[in-house]
1. All but one of (1) within 18 Å of Met199 (Cβ to Cβ); (2) within 14 Å of the ligand (Cβ to nearest atom); (3) not basic (Lys, Arg) hold for Ile28; state the number of the condition that does not hold.
2. Hey, can you tell me all the residues within region 135-182 that are of a type in the set (A, V, I, L, M), in a strand (DSSP E or B) and within 13 Å of Asp99 (Cα to Cα)?
3. Counting only residues that are in contact (Cβ under 8 Å) with a residue 24 or more places away in the chain and either polar (S, T, N, Q) or under 11 Å from Val221 (Cα atoms) (or both), how many does region 11-30 have?
4. Can you name the condition, by its number, that Gly131 falls short on among (1) closer than 26 Å to Ser63 by Cα; (2) crowded, with 20+ Cβ neighbours inside 10 Å?
5. What pairs come out if I take residues in region 50-62 that are under 12 Å from His96 (Cβ atoms) and pair them with residues that are among the hydroxyl-bearing types (Ser, Thr, Tyr) and assigned to a loop (DSSP other than H, G, I, E, B) whose C-beta lies under 9 Å away, six or more apart or interchain?
6. Go through region 142-160 and count every residue that is surrounded by fewer than 17 Cβ atoms within 10 Å (Cβ to Cβ) and either touching a Pro at 6+ places or on another chain (Cβ under 9 Å) or under 13 Å from Asp186 (Cα atoms) (or both).
7. What do you reckon, is Lys86 surrounded by fewer than 19 Cβ atoms within 10 Å (Cβ to Cβ), over 23 Å from Asn122 (Cα atoms) and among the basic types (Lys, Arg)?
8. State all residues of region 99-145 that are over 17 Å from the mean Cα position of the chain (by Cα) and at positive phi; if no residue qualifies, say none.
Amino acid sequence: MRVADKLANIQKQIEEACERSGRSPAEIQIVAVTKYVSVERAKEALDAGIIHLGENRDDSLLSKWEALKDQPVWHFIGTLQSRKVKNIIDKVSYIHSLDRLSLAKEIDKRANEPISCFVQVNTSGEETKHGLAPEAVEDFVKRLEEFPKIKVVGLMTMAPFTTDELIIRDCFRRLKQLQLEIQNLDLPYAPCTELSMGMSNDFPIAIEEGATFIRIGTALVGE
Ligand SMILES: *Cc1c(COP(=O)(O)O)cnc(C)c1O
């Protein structure tokens, strides 16, 4: 299926989720996750009107970046090893996976200007999931003060793979609550107004619970 048709379908679901929750579709940015697909397919997404592209590996981001340069706004969404930071830091506008001080230190060292970061939170408690425990987030964000190149724009989470909507919704709700707590700290380097949550299988729930960036791969550009 063409990306444009898949996008129309997603936009319809975004509108419906917004209607159910009294939100406006203008509050929600779609990050097209192109990690499974070719440069051509990524280009097709841009032609369909997508602005934000997400990749989770430094090598695939670099090869797509070479072909597309600054046409899209680039997001790094995956686990980021500190030694890979220098490869991607001047190519991306957002990093969604800040989860440790050693990574913050490396980003701060390599970045030329402040970079928008999401602090990744493990809201499900699953051991296989990356991210900070919810209880650790406030202290972590406070410690980021010593890294002037880090701007905490929001929080990110991944819900567990389950068909139990209540479990998924609970993760998103928890992240929203935490986001408000961090925002209320009023830290100049951590406005923390954004929520990166929701993927192909759960983005309508994420929108109902306050997502402002949804990260969609399969349902938008295909596997
Ligand atoms: C792959 C990936 C996505 C997109 O997943 P889909 O289920 O294909 O929409 C979103 N976020 C992260 C962190 C990913 O690694």
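1. Every listed condition holds for Ile28 apart from (2).
2. Result: Ile150, Val152, Leu155, Met156.
3. 3
4. Condition (1) is where Gly131 drops out.
5. Note: pairs meeting the criteria are His52/Ser93; Gly54/Thr34; Glu55/Thr34; Asn56/Thr79.
6. 3
7. So Lys86 fits the description; yes.
8. Once the filter is applied, which keeps residues that are over 17 Å from the mean Cα position of the chain (by Cα) and at positive phi, region 99-145 yields only Gly125.
All of the numbers you see were taken from the coordinates with simple rules; none came from a lab. Only a predicted model underlies this, so the values are computations on that prediction, with no experimental measurement involved. So basically every Cβ, Gly included, is an ideal-geometry build from the backbone, and we count neighbours across all protein chains shown.
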